[in-house]
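Enquirer: What follows is a structure written as C-alpha cells; I'll ask about it next.
The values are calculated or read from the model by the stated rules, or taken from the named source; none is laboratory data. Note that the coordinates shown come from a computational prediction; the quantities given were computed from them, not determined experimentally. These area figures cover heavy atoms from the full protein model, side chains too; ligands, DNA and RNA do not enter into them. Shrake-Rupley method; radii C 1.70, N 1.55, O 1.52, S 1.80 Å.
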Amino acid sequence: MMEWVRCVFLFDEESSREPPGWDRPAQLVSILDIFSKKDEPRREDIQAKRLIKENSAIIHKLADTFSNGAFSASRKVQAAENAQPHDTSQTPSRFHMYGGSSKRTKSEPYLKVSLNGRVVIVDAADGRQISMLGQFKHKNGQKYFCLATKENGFFSPIEPEVASLLEQLDGVIVENSAIEEKLLDFIQRTLDLP
C-alpha cells in the first residue's frame, strides 16, 4: 500500500524578479510529492471485508443456490475434518489426480514422425512419448536424419545400445519420401517395433 503526500512550500523573496503582471513580490513555490508505504490495510480493503462479513448469510445462500447445496455440504465436511484430531502420519494427500489410474498398462510402442520432423517412439496405450530417436533436419537445402546423440547436441540422448544399432542412419540424406519410408522401416525392424 502506497501513501501519497503532497507538500507545498511557499516563500517570498524580496530580491527575486517579479513575473509580468504581478503587483506584489514574486512568490516562489516548491512542490514535493512523497510516496511512502503504509503498514495498515487500505481503506477500500477494510470496507470490502466489512461488506462481505455483513452480507455473508446472503453470499452463502447464493452460493448454495448456484451449486445446488454443494457449497454448504463442502463446508460441513471441512468443519468435520477440522474438528477431528489429526494424526500427521495418516494425513491424506491434498493432491488429486484426474484422468484415470496412474498404473501403467502394457506398453504398445510404435514409431511416429511428428509435424516438426522428430522421430519418436510413442506408447499407443496412453499417447506418451517413450523415446526420441532423432530428427529430420535441413542443411544447405538438403534434408537429412540426425540421430539423437549428445554429440549432435541433444539434451536427452538415446541409450548407448540403441545408438549403436542406429548409428549408420546418422547423417543419411533423405532426398525423397521413398528414402524416408525405407529409413523409418529400417528403424522399426531394427528396434522390433510394430
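Enquirer: As a quick test, which of the pairs Lys143/Lys182; Lys139/Lys182; Lys106/Lys150; Lys112/Lys137 have an alpha carbon distance above 19 angstrom in this structure?
Expert: Going by Cα-Cα distance, Lys139/Lys182; Lys106/Lys150 fall outside the 19 Å limit.
Enquirer: Next question, about the same structure. Whole number please: convex hull volume per residue, Cα atoms of segment 124-194, in Å³.
Expert: On the way: hull volume 7.8 nm³, N = 71.
Roughly 109 Å³ of hull volume per residue.
Enquirer: Report the full-extension gain for the segment Asp185 to Gln129: residue separation times 0.36 nm, less the Cα-Cα distance, to one decimal in nm.
Expert: On the way: separation 56, 0.36 × 56 = 20.16 nm, distance 1.90 nm.
So the extension gain works out to 18.3 nm.
Enquirer: Using amide H atoms built 1.01 Å from N in the peptide plane, name the residues 5+ places from Phe154, or on other chains, whose amide H lies under 5 Å from its own.
Expert: Sorted by chain and number, the residues that satisfy this are Thr149.
Enquirer: Please turn the phi angles of segment 179-194 into ³J(HN,Hα) values with the Karplus equation 6.51 cos²θ - 1.76 cosθ + 1.60 (θ = phi - 60°), one per residue in order, whole Hz, x for glycine and proline.
Expert: 3J(HN,Hα) across segment 179-194, in whole Hz: 5, 4, 4, 5, 5, 5, 5, 4, 4, 4, 5, 5, 8, 6, 9, x.
Enquirer: With every protein chain left in place, what is the accessible area of Leu191 in Å² (1.4 Å probe, nearest 10)?
Expert: Approximately 40 Å² for this residue.
Enquirer: What figure in square angstrom, to the nearest 10, would you give for the accessible area of Ile58 with a 1.4 Å probe?
Expert: So the heavy atoms of Ile58 present about 100 Å² to solvent.
Enquirer: Another question, then. Extension gain Ser107-Ser177, at 0.36 nm per residue separation less the Cα-Cα distance, in nm? If you can, show how the numbers build up before the last one.
Expert: On the way: separation 70, 0.36 × 70 = 25.20 nm, distance 2.90 nm.
Roughly 22.3 nm would be gained on extension.
Enquirer: In terms of modelled amide H atoms, which long-range or inter-chain residues lie less than 5 Å from the amide H of Val174?
Expert: Distant-sequence amide H within range of Val174: Lys143, Tyr144, Phe145.
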